[in-house]
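Chemist: First, the structure itself, so that you have it in front of you.
The values are calculated or read from the model by the stated rules, or taken from the named source; none is laboratory data. Because the structure is a prediction, the values reported are computed rather than measured. A quick note on method: Cβ atoms are made from the backbone with ideal geometry, for glycine too, and the neighbour counts reach across all protein chains shown.
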Amino acid sequence: MSFRIKKFFSYYKPYLGLFFSVIVCAVIAAAVTLIIPLCTRYITKNVLQGNMSNPLQQIYQVGALMIFLVIIQKACNFYYDYWGHVMGAMMENDMRKELFGHYQKLSFSFYDERKIGKLMSRITNDLLLLSELYHHGPEDYVVYLVKFIGAFVILIRINTKLALVVFAFLPIMAIYSLYFNKKINAAIKRNYEKIGDINAQVEDSLSGIRVVKSFANEELEIKKFAKQNNKFLESRKNIYRNEAFIYNGVDIFIHLITVTVVVFGGVCIVKATLDLADLITFLMYISSLIEPVQKLNHMTVQFQQGISGFQRFMDILEIEPDIKDMPNAIELEDVKGDVEFINVGFKYSKGQDYVLKNINLKVKAGEYIALVGYSGVGKTTLCSLLPRFYELTEGKILLDGIDIRKIKLDSLRKSIGVVQQDVYLFSGTVLENIRYGKPNATKEEVIEAAKKANAHEFIMDLPDGYYTDIGQRGIKLSGGQKQRLSIARVFLKNPPILIFDEATSALDNESEKIVQSSLEQLAKNRTTFVIAHRLSTIRNAERIIVLSDDGIEEEGNYEELMALNGKFARLYKTQLDSCHNI
Ligand code: ADP
Ligand code: MG
């Protein structure tokens with residue numbers, strides 16, 4: 001906990017100078033607010049008592065002083081308003097950078113369990129609330145403290161009795177507003193959960209909009225959404241009800257105090273224990289006195305929201321990336337591509353069953369290996385262990401004889417190229433997307449990679465060639481074209497090891513042939529793991545590995561496995577019966 005408190009304040013560090021100047025300006029502005037009624041009092045008191053030698057000149061002088069004070073006050077207000085907010089925004093900027101950097105470090109298993117919508121709101125809404133607290137928090141406390149203590153001292157000195165009457169109201173007012181404030185806080189918290197639910201629901205429904213439409217389930221989605229939306233409305237109503245109680249209740253107190261001062265002060269004037277100038281002064285200070293109590297609830301809401309935003313921020317920041325470099329991890333150079341799985345066992349999380357068990361597999365550099373087995377047996381999982389997307393539960397994997405856990409992640413992942421069924425293209429141009437495989441590649445290198453991936457021709461047919469923005473409306477690439485871009489990316493990356501995970505499964509026959517030939521080009525002289533449904537892809541494999549629930553069940557080349565007449569032969573026969581898929 002104390003770590004979090006330290007961390008909370010650490011974000012002020014780069015801006016300490018700015019922070020203090022903001023606070024000084026806020027104090028000056030608050031002090032001036034207290035001095036101005038004193039000027040009024042000076043004029044009214046002296047005019048009423050008629051004890052000025054040169055009244056007009058003095059009135060003008062005090063008037064000029066008041067204008068001067070207002071100018072100072074507004075200049076200070078301007079400074080702390082602008083620079084205070086900018087400071088908050090800069091701190092928010094730092095935190096956002098830190099959180100985004102942390103997001104980049106977290107592993108697959110972190111993202112398996114979380115909704116992107118929620119992670120987005122951590123980095124936007126939560127930090128926004130926090131920057132408000134960073135800026136307004138200290139400044140508000142200082143301003144209201146100065147105003148409250150100042151008004152208190154001044155009023156006591158003018159008329160102690162009347163001052164005590166006014167103060168008697170304040171605790172009641174504070175208790176009243178804190179009571180409703182507590183209710184508002186609870187309602188706001190619920191409200192946040194509800195808006196989170198709405199976000200998640202929208203994300204879910206819009207990400208799956210194609211599925212929604214294909215099942216013609218728009219009505220169902222609308223109903224699901226309406227349910228969340230109404231819950232949100234209810235929680236907002238709750239907030240507004242309590243807010244109405246607070247604002248109107250506090251308003252009643254203000255009127256009560258004013259009436260009391262007027263009545264009680266009037267009586268004192270009649271009894272000649274107070275003069276009119278003092279009564280006017282009293283009325284002018286009431287707002288300075290009440291404002292802090294009035295803002296008490298606003299400040300606690302702001303504090304609570306900011307703090308819970310910070311807690312959520314820290315909750316994520318404190319998650320250690322479960323996959324990271326060991327202290328003396330080594331950099332790989334000239335990777336050959338020998339891979340060995342030794343007694344590998346894996347489960348996704350502690351409570352779950354093993355997905356893979358007893359996997360022993362030795363692959364020579366440059367070998368072309370096909371992995372087959374029924375859907376869900378763990379082919380994708382096996383391949384994602386090699387780049388350490390997930391950490392092994394048991395056993396070890398060696399790359400060129402070195403345990404992959406001892407290799408720097410960066411250098412391990414640079415040696416492995418993955419081509420999957422789903423291609424993710426970033427918004428931006430074709431050129432940028434291919435260059436993703438090697439950020440410092442020249443345009444010539446990109447074009448060469450595209451040519452090798454059979455992508456150059458269709459790219460040249462796009463409206464702006466390599467500079468076509470893929471995210472733009474109207475630019476639609478087919479599955480096969482996207483796949484070829486992703487292959488070009490890997491050509492550019494030029495890794496010694498490849499993983500093709502059902503890279504052609506989603507394609508029609510025609511595109512499959514083109515993509516297949518690009519893949520074969522790519523696979524030359526590299527260690528390649530192919531997961532494929534289609535027999536054509538695996539027939540040429542030097543070795544076929546048949547996975548089952550208990551590990552590797554059969555292995556050998558196509559002829560050997562057919563001769564064995566075991567599981568592979570059965571899979572192959574069913575494929576002949578169905579549409580050529582294993
Ligand atoms: P295959 O690629 O052979 O079809 P997978 O490797 O994708 O199979 O999945 C193997 C098993 O692991 C399946 O039972 C699947 O439900 C489970 N699984 C896959 N991914 C995850 C994940 N991210 N978290 C938990 N379980 C998973
Ligand atoms: Mg799979």
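Chemist: Being farther than 26 Å from ASN360 by Cα and of a type in the set (D, E, K, R) narrows it down to one residue among GLU512, GLU553; which is it?
Modeler: GLU512 is the lone residue from the list that is farther than 26 Å from ASN360 by Cα and of a type in the set (D, E, K, R).
Yes/no per residue for (1) of a type in the set (Ser, Thr, Tyr); (2) modelled with pLDDT of 90 or more; (3) surrounded by 15 or more Cβ atoms within 10 Å (Cβ to Cβ); (4) outside any helix (DSSP H, G or I):
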| site | (1), (2), (3), (4) |
| --- | --- |
| PHE148 | no, yes, yes, no |
| ALA151 | no, yes, yes, no |
| ILE154 | no, yes, yes, no |
| LYS182 | no, no, no, no |
| GLN201 | no, no, yes, no |
| LYS213 | no, yes, no, no |
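Chemist: Taking ILE544 and the conditions (1) surrounded by fewer than 19 Cβ atoms within 10 Å (Cβ to Cβ); (2) within 16 Å of ligand 1 (Cβ to nearest atom), which numbered condition does it fall short on, given that it satisfies the others?
Modeler: (1)
Chemist: List the pairs whose first member sits in the range 376-402 and is β-branched (Val, Ile, Thr), whose second member is part of a loop (DSSP other than H, G, I, E, B) and near ligand 1 (Cβ under 8 Å from one of its atoms), and whose Cβ atoms are under 6 Å apart, counting only residues at least 6 apart or on separate chains?
Modeler: Going by the 6 Å Cβ cut-off, the qualifying pairs are THR381/VAL355.
Chemist: Go through the range 498-511 and report how many residues are out of contact with any Phe, Trp or Tyr (no Cβ under 8 Å at 6 or more places or on another chain) and either at pLDDT 85 or above or among the hydroxyl-bearing types (Ser, Thr, Tyr) (or both).
Modeler: Of the range 498-511, the ones out of contact with any Phe, Trp or Tyr (no Cβ under 8 Å at 6 or more places or on another chain) are 501-511.
Adding the requirement that they be either at pLDDT 85 or above or among the hydroxyl-bearing types (Ser, Thr, Tyr) (or both) leaves 501-505, 511.
Residues in the range 498-511 being out of contact with any Phe, Trp or Tyr (no Cβ under 8 Å at 6 or more places or on another chain) and either at pLDDT 85 or above or among the hydroxyl-bearing types (Ser, Thr, Tyr) (or both): 6 in total.
Chemist: Pull out all pairs, ordered by first then second residue, where Cβ-Cβ is under 6 Å, the residues are six or more apart or on different chains, the first lies in the range 286-314 and is farther than 12 Å from ILE188 by Cβ, and the second is acidic (Asp, Glu) and surrounded by fewer than 21 Cβ atoms within 10 Å (Cβ to Cβ).
Modeler: As it stands, the answer is MET299/ASP140, since those pairs meet every condition given.
Chemist: Answer yes if at least one residue in the range 479-498 is free of Cβ contacts under 8 Å to residues at least 12 places away in the same chain, within 30 Å of ARG534 (Cα to Cα) and either within 16 Å of ligand 1 (Cβ to nearest atom) or not polar (S, T, N, Q) (or both), and no otherwise.
Modeler: no
Chemist: Counting only residues that are of a type in the set (Val, Ile, Thr) and not in a strand (DSSP E or B), which one in the range 418-433 is modelled with the lowest pLDDT?
Modeler: Out of the qualifying residues, it is VAL423.
Chemist: For the range 528-545, name all the residues that are assigned to a strand (DSSP E or B) and either over 12 Å from ASN557 (Cα atoms) or more than 15 Å from ligand 2 (Cβ to nearest atom) (or both).
Modeler: Those that are assigned to a strand (DSSP E or B) and either over 12 Å from ASN557 (Cα atoms) or more than 15 Å from ligand 2 (Cβ to nearest atom) (or both): THR528, PHE529, VAL530, ILE531, ARG534, ARG543, ILE544.
Chemist: Looking only at the range 370-405, count how many residues are surrounded by 17 or more Cβ atoms within 10 Å (Cβ to Cβ), more than 15 Å from ligand 1 (Cβ to nearest atom) and part of a strand (DSSP E or B).
Modeler: 3
Chemist: Oh, and also: For the condition modelled with pLDDT under 95, assigned to a helix (DSSP H, G or I), farther than 30 Å from GLY551 by Cα and under 29 Å from the mean Cα position of the chain (by Cα), what is the one hit in SER486, SER411?
Modeler: That would be SER486, the only listed residue that is modelled with pLDDT under 95, assigned to a helix (DSSP H, G or I), farther than 30 Å from GLY551 by Cα and under 29 Å from the mean Cα position of the chain (by Cα).
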